[in-house]
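> Before anything else, here's the structure in question.
The values are calculated or read from the model by the stated rules, or taken from the named source; none is laboratory data. Worth saying up front: this structure is predicted, and the values here are computed from it rather than measured. Quick reminder, even Gly has a Cβ in these numbers, built from the backbone with ideal geometry, and neighbours come from all protein chains shown. Ligands, DNA and RNA are stripped out before the accessible areas are found, and what is left, the full protein with its side chains, is counted by its heavy atoms. Shrake-Rupley method; radii C 1.70, N 1.55, O 1.52, S 1.80 Å.
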Amino acid sequence: MNLELSEEQTAVQRLAREFTDREIAPYAAAWDRAESVDRAIVKKLGDLGFLGLTVPEEYGGSGGDHLSYVLVAEELGRGDSSVRGIVSVSLGLVAKTVAAWGDEDQKRQWLPRLCSGEALGCFGLTEPGTGSDAGALTTRAVRAGGDAYVVNGSKMFITNGTWADVVLLFARTGDEPGHRGISAFLVPADSPGLTRREIRGKLGLRGQATAELVLEDVRVPASAMLGPEGKGFSVAMSALAKGRMSVAAGCVGIARAALEAAVSYAAGREQFGKPIARHQLVQELIADISVDVDAARLLTWRVADLIDRGRPFATESATAKLFASEAAVRAAGNALQVHGGYGYVDEYPAGKLLRDARVMTLYEGTSQIQKLLIGRARTGVSAF
Ligand code: FAD
């Protein structure tokens with residue numbers, strides 16, 4: 001693995017860094033308080049090519065590599081995890097999955113709009129009764145007359161849910177138990193019978209539109225099925241394996257923001273007659289954050305490198321996600337500690353970083369689920 005970035009990778013990193021400094025970081029605290037990022041950010045992300053970064057150019061994407069994607073996710077995550085999540089879901093979980101599993105018509109229908117930001121995607125796997133055990137989902141798609149399915153059920157905690165134009169929806173089409181009876185569909189979000197309710201009052205990621213989706217007799221053409229019938233669980237797992245890499249990259253961004261905030265505060269705050277940066281135990285907090293940034297970044301880059309070289313990467317992706325998410329929580333907590341009581345009020349960024357980091361150990365598979373995935377890979381024995 002070459003740790004030297006190419007000219008192209010350096011350029012996209014610089015673009016994302018400058019965009020984050022100019023268009024995201026200055027507004028992140030206000031968006032957090034308002035519980036919504038400015039929706040105009042979606043078009044800007046599209047204009048820069050970030051929403052189609054790894055999608056082939058023939059479908060409107062930039063055809064970039066996965067290391068470039070990780071560099072962008074880190075920068076966006078440094079500015080605001082809510083914005084990073086918009087990209088990770090619409091591009092990483094939806095557009096990339098359409099590119100990998102879609103037929104020509106599906107790619108032409110959705111990818112150019114998703115890449116430009118004209119349309120957003122959301123990923124509908126979790127249900128009120130099934131999270132970690134996603135293979136037990138109960139939303140049902142029943143074959144009806146006229147080459148269509150009728151879908152009934154509900155989905156919970158769906159990122160981009162109220163903003164999305166298309167839902168990558170997972171529903172049971174067969175009577176086989178568990179993951180075998182599940183199929184994936186691309187469902188237009190304005191389909192009659194599909195209603196969306198925004199979930200407010202989240203601990204973090206407040207700027208992000210998270211929603212519950214209810215489907216009542218939603219008619220979906222058979223041509224909207226993504227991938228073969230009964231292979232929906234494989235579609236979902238392939239999406240999440242890559243998705244975990246971008247969550248990990250976003251966590252590197254959180255930890256980096258924590259490092260920058262802690263260093264800056266420690267240089268200016270004086271106690272016992274000297275800047276707190278000169279107290280060894282404060283330096284220990286900062287050193288711990290710094291190690292977490294580096295270790296999380298290297299684990300994340302390894303995943304991107306494996307994907308770009310066409311090698312297996314799922315266990316490495318779970319490893320990066322597990323470590324980086326726990327590291328982001330640790331780093332944000334350490335940054336808050338450096339700020340003392342001032343870390344506890346939202347005039348300073350540490351509190352928001354900690355709130356935003358906390359969900360990273362929960363979604364796209366909790367830390368416990370990542371450990372089970374890694375344990376299964378190492379032992380050859382499944383604990384599921
Ligand atoms: P549960 O599965 O009920 O788990 C509860 C606890 O039990 C956890 O600690 C878990 O680790 C533990 N546990 C469960 N099973 C095991 C086991 N076998 N061994 C050990 N411990 C276990 N979902 C989507 O489909 N699309 C989205 O876009 C999306 N976005 C989200 C955004 C936010 C802000 C949040 C909070 C969630 C989002 N989710 C999304 C859902 C998320 O992926 C789930 O919340 C997550 O998978 C956990 O499921 P659960 O909440 O049902 O918890």
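> Where the second residue is among the aromatic types (Phe, Trp, Tyr) and the first is over 17 Å from residue 188 (Cα atoms) and lies in the stretch 141-158, which pairs have Cβ atoms under 9 Å and are six or more apart or on separate chains?
Here the result reads 142/149; 143/149; 157/363, each pair linking the stretch 141-158 to a residue that is among the aromatic types (Phe, Trp, Tyr).
> Just checking, which of 260, 176, 229 is over 20 Å from the mean Cα position of the chain (by Cα), modelled with pLDDT under 95 and not polar (S, T, N, Q)?
Just one listed residue meets the conditions, 176.
Each row is one residue, and each column tells you yes or no for (1) more than 17 Å from residue 120 (Cα to Cα); (2) within 15 Å of the ligand (Cβ to nearest atom); (3) open to solvent by 10 Å² or more (accessible area, probe 1.4 Å); (4) of a type in the set (S, T, N, Q).
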{"site": "150", "(1), (2), (3), (4)": "yes, no, yes, no"}
{"site": "154", "(1), (2), (3), (4)": "yes, yes, yes, yes"}
{"site": "157", "(1), (2), (3), (4)": "no, yes, yes, no"}
{"site": "169", "(1), (2), (3), (4)": "no, yes, no, no"}
{"site": "185", "(1), (2), (3), (4)": "no, yes, no, no"}
{"site": "190", "(1), (2), (3), (4)": "no, no, yes, no"}
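> Also, I was wondering about something else. Output the qualifying pairs, or none if there are none: Cβ atoms under 7 angstrom, residues six or more apart or on different chains, first residue in the stretch 351-368 and closer than 21 Å to residue 125 by Cβ and of a type outside the set (Phe, Trp, Tyr), second residue near the ligand (Cβ under 9 Å from one of its atoms) and open to solvent by 30 Å² or more (accessible area, probe 1.4 Å).
Partner pairs satisfying both residue conditions: 358/203; 366/132.
> Let me ask something else. Evaluate the stretch 229-249: report whether one residue or more is within 24 Å of residue 146 (Cβ to Cβ), among the aliphatic types (A, V, I, L, M) and in contact (Cβ under 8 Å) with a residue 60 or more places away in the chain.
No, that holds for no residue.
> Report yes if some residue within the stretch 8-18 is open to solvent by 50 Å² or more (accessible area, probe 1.4 Å) and either under 15 Å from residue 112 (Cβ atoms) or in contact with a His (Cβ under 9 Å, 6 or more places away or on another chain) (or both); otherwise report no.
no
> How many residues does the stretch 335-347 hold that are at negative phi and in a helix (DSSP H, G or I)?
Number of matching residues: 8.
> When you go through (1) farther than 12 Å from residue 75 by Cα; (2) of a type outside the set (D, E, K, R); (3) open to solvent by less than 50 Å² (accessible area, probe 1.4 Å) one by one for residue 1, which number turns out not to apply?
For residue 1, the failing item is (3).
> Which residues, counting only those in the stretch 207-241, are part of a strand (DSSP E or B) and either in contact with a helix residue (DSSP H, G or I) (Cβ under 8 Å, 6 or more places away or on another chain) or open to solvent by 20 Å² or more (accessible area, probe 1.4 Å) (or both)?
212, 214, 216, 217, 219, 221, 225, 226
> Here's another thing I want to ask about it. Collect the residues in the stretch 359-384 that are among the aliphatic types (A, V, I, L, M) and more than 9 Å from the ligand (Cβ to nearest atom), keeping them in residue-number order.
Scanning the stretch 359-384 gives 360, 373, 374, 377, 381.
> Being part of a helix (DSSP H, G or I), open to solvent by 20 Å² or more (accessible area, probe 1.4 Å), outside the structural domain of residue 17 (by TED's automatic domain parsing) and touching a Lys or Arg at 6+ places or on another chain (Cβ under 9 Å) is true for just one of 266, 332, 255, 277. Which residue is that?
277
Yes or no, residue by residue, for (1) within 16 Å of the ligand (Cβ to nearest atom); (2) among the charged types (D, E, K, R); (3) farther than 18 Å from residue 73 by Cβ:
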| residue | (1), (2), (3) |
| --- | --- |
| 277 | no, no, yes |
| 288 | no, yes, yes |
| 297 | no, yes, no |
| 305 | no, yes, no |
| 334 | no, no, yes |
| 344 | no, no, yes |
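> Now a separate question. Out of everything in the stretch 113-143 that is charged (D, E, K, R) and assigned to a strand (DSSP E or B), what residue ends up being nearest to the ligand (Cβ to nearest atom)?
So, considering only residues that are charged (D, E, K, R) and assigned to a strand (DSSP E or B), the one nearest to the ligand (Cβ to nearest atom) is 127.
> Considering only the stretch 22-85, give the helices (runs of 4 or more DSSP H) lying wholly within it that have at least 2 residues that are among the acidic types (Asp, Glu) and crowded, with 24+ Cβ neighbours inside 10 Å.
66-79
> What is the one condition in (1) in a helix (DSSP H, G or I); (2) more than 14 Å from the ligand (Cβ to nearest atom) that residue 356 does not satisfy?
In the conditions (1) in a helix (DSSP H, G or I); (2) more than 14 Å from the ligand (Cβ to nearest atom), residue 356 misses (2) alone.
> Answer with yes or no whether residue 136 is of a type in the set (A, V, I, L, M, F, W, C), under 27 Å from residue 373 (Cα atoms) and touching a Leu at 6+ places or on another chain (Cβ under 9 Å).
When the stated conditions are applied, residue 136 does not pass them.
> If you don't mind, another one. Out of 194, 203, which single residue is away from the ligand (no atom under 12 Å from the Cβ) and touching a residue at least 24 places away in the same chain (Cβ under 8 Å)?
After ruling out the rest, the residue left standing is 194.
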